[in-house]
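**Q** Take this structure first; my questions come after.
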Amino acid sequence: MTQIILAKITLGLPDLLMFAGVFTVGLILSFLFWSVSLKKKRTRTISDAEAEAEVLRKEKILQAKEKFFQLKAEHEKYIGEKNSKIATSENRIKQKEMSLSQKIEENQRNHNEIAAIRENLTNQLELVDKKSEELEKMHRQQVEQLEKISGLSAEDAKSQIMESLKEEAKTGAMSYINEIVDEAKMTANKEAKRIVVQTIQRVATEVAVENSVTVFHIESDEIKGRIIGREGRNIRALEAATGVEIIVDDTPEAIVLSAFDPVRREIARLSLHQLVSDGRIHPARIEEIVEKTRKHIEEELVEVGKRTAIDLGIHGLHPELIRLIGKMKYRSSYGQNLLQHSREVANLCSVMASELGLNSKLAKRAGLLHDLGKVPDEEPELPHAVYGMKLAEKYKEKPEVANAIGSHHDEVEMTTLIAPIVQVCDAISGARPGARREVVELYIKRLKELENIALQYPGVLKTYAIQAGRELRVIVGSDSVSDKDAEKLSQDIARKIQDEMTYPGQVKITVIRETRAVNYAK
């Protein structure tokens with residue numbers, strides 16, 4: 001635009017018109033040139049496309065022809081295979097038709113032969129029937145002649161022969177049965193002895209006898225004074241909390257814990273060990289440690305029960321049964337450790353049941369649980385075998401196991417084959433030399449009876465028999481028993497012990513009543 005304006009300014013009007021005409025002619029010529037070139041290009045493109053289309057068309061026709069010839073060849077091959085199969089099938093059918101016609105002819109011939117044989121057999125049967133009638137007639141004549149000669153009828157003679165044969169058979173059978181029974185008794189005796197001896201040899205365990213005292217070792221005698229405490233308050237608190245008599249004498253570096261109950265002794269021993277290790281020994285601390293130790297012992301009982309069941313390969317026991325099995329560790333039977341005795345009986349039962357072809361796992365289970373009634377949480381009035389059976393039934397044990405537990409001392413009738421095995425193995429375990437001591441069992445039983453007598457009175461919280469049963473300590477609640485009642489209670493207990501128990505010497509009854517005022521700062 002600037003150039004045009006400048007041209008207008010510099011050039012005249014004629015020159016401007018000439019310039020415009022030249023410019024217009026140039027534009028027209030350029031348009032025509034481009035139109036012609038584009039038309040040629042389009043024409044050339046169309047011809048190229050038509051040539052390519054013709055080539056593609058010819059290629060497609062060739063491919064279609066090849067596909068057609070290929071399909072035709074496959075179809076002819078398929079038809080040829082079908083025709084060959086049809087021909088084979090026709091040949092097979094013709095062969096079958098020929099074989100069937102041959103079989104029909106053979107069957108016809110066989111039918112004719114069978115008809116001839118049947119006719120022949122009919123004739124022979126008629127002949128046999130005639131001969132049988134003649135033989136029967138001859139037999140009757142002979143029987144009649146024999147009856148006339150012997151003076152007996154045929155039925156009577158038959159009865160006499162049968163009676164004679166019966167007597168002979170009875171006599172022979174009885175002698176044979178007696179021989180078998182004698183031989184069976186001898187064999188059974190011998191076999192039973194073999195099984196028992198082999199069982200005892202295979203399950204040989206050490207004999208461990210429970211004691212009634214535990215020796216607690218200390219590093220120096222200075223600790224004895226701290227355990228006793230000022231005016232003996234620590235040792236009194238420890239004895240009251242554990243129910244164990246603590247004997248502090250001149251024995252160097254040792255304190256004796258005396259109690260018939262192994263659980264109490266173990267609680268006292270562990271509590272003393274923790275108090276001595278900690279260094280803080282006073283009544284409040286003693287009660288706290290004893291309570292913690294008691295809970296620890298309860299947890300240990302469960303752990304011991306689980307470990308025992310795993311060692312013996314016994315599964316599916318109720319958690320309460322596992323706890324009672326662990327409790328056996330701290331109980332004794334005639335001086336013999338109850339857990340070790342039960343494990344031994346379980347192994348003996350397993351071996352003996354295997355020898356006899358019975359269920360060894362079930363026998364082992366019954367052997368482990370057979371003395372379950374000796375470790376109850378409360379003291380029942382039932383025999384321990386019957387109580388153990390009721391516990392087994394309560395915790396869903398099998399009837400065979402429950403019956404074996406209840407009948408191992410003949411309180412209940414035996415209904416399974418496992419029951420006598422448990423009874424025999426219990427006797428074997430207890431009969432080992434040195435395994436049991438009757439005196440210890442009677443002594444422990446007397447101390448338990450002594451404690452149970454005092455527990456029957458209202459207001460009594462705990463009872464501890466100490467000093468080998470020469471002293472009974474009775475702890476009562478201060479809210480339910482007054483000072484006068486405590487004095488009367490000690491007299492009543494003493495009188496009842498005199499009337500109901502037999503004991504050597506005398507028994508001292510000490511009633512302990514404490515008043516505690518407890519408050520909490522919040």
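**Q** Anything in region 257-277 that is among the hydrophobic types (A, V, I, L, M, F, W, C) and either assigned to a helix (DSSP H, G or I) or modelled with pLDDT under 80 (or both)? List them, or say none.
**A** Going through region 257-277, the residues among the hydrophobic types (A, V, I, L, M, F, W, C) turn out to be 257, 259-260, 263, 267-268, 270, 272, 275-276.
Ala259, Phe260, Val263, Ile267, Ala268, Leu270, Leu272, Leu275, Val276 - these are the residues of region 257-277 that are among the hydrophobic types (A, V, I, L, M, F, W, C) and either assigned to a helix (DSSP H, G or I) or modelled with pLDDT under 80 (or both).
**Q** Just give me the residues in region 418-442 being surrounded by 16 or more Cβ atoms within 10 Å (Cβ to Cβ), part of a loop (DSSP other than H, G, I, E, B) and either at pLDDT 75 or above or in contact with a strand residue (DSSP E or B) (Cβ under 7 Å, 6 or more places away or on another chain) (or both), in sequence order.
**A** From region 418-442, those surrounded by 16 or more Cβ atoms within 10 Å (Cβ to Cβ) are 418-419, 421-426, 428-429, 432, 435-436, 440-441; that's our starting set.
Add one more test, that the residue is part of a loop (DSSP other than H, G, I, E, B), and what stays is 432, 435-436.
Result: Ala435, Arg436.
**Q** Is region 443-450 home to any residue that is in a helix (DSSP H, G or I), at pLDDT below 70 and either over 29 Å from the mean Cα position of the chain (by Cα) or of a type in the set (Phe, Trp, Tyr) (or both)? Working first, answer last.
**A** In the first step, residues of region 443-450 are kept if they are in a helix (DSSP H, G or I); the result is 443-450.
Imposing the further condition that a residue be at pLDDT below 70 reduces the set to 443.
Imposing the further condition that a residue be either over 29 Å from the mean Cα position of the chain (by Cα) or of a type in the set (Phe, Trp, Tyr) (or both) reduces the set to 443.
Among the residues of region 443-450, at least one is in a helix (DSSP H, G or I), at pLDDT below 70 and either over 29 Å from the mean Cα position of the chain (by Cα) or of a type in the set (Phe, Trp, Tyr) (or both), which makes the answer yes.
**Q** Return a yes/no flag: does region 401-417 have any residue that is at pLDDT 85 or above, within 22 Å of Gly305 (Cβ to Cβ), open to solvent by 40 Å² or more (accessible area, probe 1.4 Å) and assigned to a helix (DSSP H, G or I).
**A** Checked against the condition, which is being at pLDDT 85 or above, within 22 Å of Gly305 (Cβ to Cβ), open to solvent by 40 Å² or more (accessible area, probe 1.4 Å) and assigned to a helix (DSSP H, G or I), region 401-417 yields no hits at all.
**Q** On to the next question. With the requirement that a residue be more than 23 Å from Val511 (Cβ to Cβ), in contact (Cβ under 8 Å) with a residue 40 or more places away in the chain and not in a loop (DSSP other than H, G, I, E, B), what does region 218-249 give you?
**A** The answer is Ile223, Arg226, Ile227.
**Q** For region 215-245, how many residues are open to solvent by less than 30 Å² (accessible area, probe 1.4 Å) and either of a type in the set (A, V, I, L, M, F, W, C) or at pLDDT below 75 (or both)?
**A** Of region 215-245, the ones open to solvent by less than 30 Å² (accessible area, probe 1.4 Å) are 216, 218, 223-224, 227, 229, 232, 234-235, 237-239, 241-245.
Then keep just the ones that are either of a type in the set (A, V, I, L, M, F, W, C) or at pLDDT below 75 (or both); that gives 216, 218, 223, 227, 235, 237-238, 241, 244.
Result for region 215-245: 9.
**Q** Something else now. If Gly316 satisfies every condition in (1) outside any loop (DSSP other than H, G, I, E, B); (2) within 32 Å of the chain's Cα centre (by Cα); (3) loosely packed, with under 14 Cβ neighbours inside 10 Å but one, which is the exception?
**A** Checking Gly316 against (1) outside any loop (DSSP other than H, G, I, E, B); (2) within 32 Å of the chain's Cα centre (by Cα); (3) loosely packed, with under 14 Cβ neighbours inside 10 Å, the one that fails is (1).
**Q** Scan (1) at pLDDT below 80; (2) among the β-branched types (Val, Ile, Thr); (3) closer than 22 Å to Phe260 by Cα for the single condition Val460 breaks and write down its number.
**A** So Val460 meets the others, but not (1).
**Q** Still on this structure: Contact list please: Cβ distance under 8 Å, first residue in region 436-455 and hydrophobic (A, V, I, L, M, F, W, C), second residue at pLDDT 65 or above and open to solvent by 80 Å² or more (accessible area, probe 1.4 Å), pairs at least six apart or on different chains.
**A** Ile453/Glu500
**Q** Kindly indicate which of Val375, Val345, Val304 is more than 23 Å from Lys448 (Cβ to Cβ) and β-branched (Val, Ile, Thr).
**A** Working: Val375 fails: more than 23 Å from Lys448 (Cβ to Cβ); Val304 fails: more than 23 Å from Lys448 (Cβ to Cβ).
Of Val375, Val345, Val304, the one residue that is more than 23 Å from Lys448 (Cβ to Cβ) and β-branched (Val, Ile, Thr) is Val345.
**Q** Another one. With the requirement that a residue be crowded, with 22+ Cβ neighbours inside 10 Å and part of a helix (DSSP H, G or I), what does region 363-390 give you? Before the answer, list the steps.
**A** Our first condition is that a residue be crowded, with 22+ Cβ neighbours inside 10 Å; within region 363-390, this holds for 363-373, 375, 385, 388-389.
Correct list: Ala363, Lys364, Arg365, Ala366, Gly367, Leu368, Leu369, Leu372, Gly373, Ala385, Gly388, Met389.
**Q** Enumerate the pairs (first residue in region 461-479 and within 15 Å of Ile497 (Cβ to Cβ); second residue anywhere and open to solvent by less than 50 Å² (accessible area, probe 1.4 Å) and among the hydroxyl-bearing types (Ser, Thr, Tyr)) with beta-carbon separation below 6 Å, excluding pairs fewer than 6 apart on the same chain, so at least 6 apart or on different chains.
**A** Arg473/Tyr464; Arg473/Thr510; Val474/Thr463
**Q** Which pairs do you get when a residue that is free of Cβ contacts under 8 Å to residues at least 60 places away in the same chain, found in region 268-291, comes within reach of a residue that is open to solvent by less than 40 Å² (accessible area, probe 1.4 Å) and of a type in the set (Asp, Glu), reach meaning Cβ atoms under 9 angstrom, with the pair 6+ apart or on two chains?
**A** Ala268/Glu239
**Q** Go through Glu303, Glu298 for me and flag whichever is within 30 Å of Val276 (Cα to Cα), open to solvent by 20 Å² or more (accessible area, probe 1.4 Å) and under 19 Å from the mean Cα position of the chain (by Cα). Break it down stepwise before answering.
**A** On the way: Glu298 fails: under 19 Å from the mean Cα position of the chain (by Cα).
Matching residue, one of Glu303, Glu298: Glu303.
**Q** I'd like the residue in region 321-346 that is open to solvent by 50 Å² or more (accessible area, probe 1.4 Å) and in a helix (DSSP H, G or I) and, out of all such residues, is modelled with the lowest pLDDT. I'd like the intermediate steps shown before the answer.
**A** Filtering region 321-346 for residues open to solvent by 50 Å² or more (accessible area, probe 1.4 Å) gives 329, 334, 340, 343.
Add one more test, that the residue is in a helix (DSSP H, G or I), and what stays is 329, 340, 343.
Working: Lys329: 83, Gln340: 86, Arg343: 89.
Across region 321-346, the extreme among qualifying residues is Lys329.
**Q** A further question on this structure: Residue pairs, Cβ under 9 Å, 6 or more apart or interchain, first in region 27-55 and part of a helix (DSSP H, G or I), second not small (Gly, Ala, Ser). List them.
**A** Between residues of region 27-55 that are part of a helix (DSSP H, G or I) and residues that are not small (Gly, Ala, Ser), there is no close pair.
**Q** Test Gln141 against the stated conditions and say whether it is polar (S, T, N, Q), at pLDDT 75 or above and over 60 Å from the mean Cα position of the chain (by Cα).
**A** Values: polar (S, T, N, Q): yes; at pLDDT 75 or above: yes; over 60 Å from the mean Cα position of the chain (by Cα): yes.
Yes: the conditions hold for Gln141.
The values are calculated or read from the model by the stated rules, or taken from the named source; none is laboratory data. All figures in this text were calculated on a predicted structure; none of them were measured in a lab. When we count neighbours, we look across all protein chains shown, and the Cβ atoms used for this are built from the backbone with ideal geometry, even at glycine. Note: accessible area is taken over every heavy atom of the protein model, side chains too, but ligands, DNA and RNA are not part of it. Shrake-Rupley method; radii C 1.70, N 1.55, O 1.52, S 1.80 Å.
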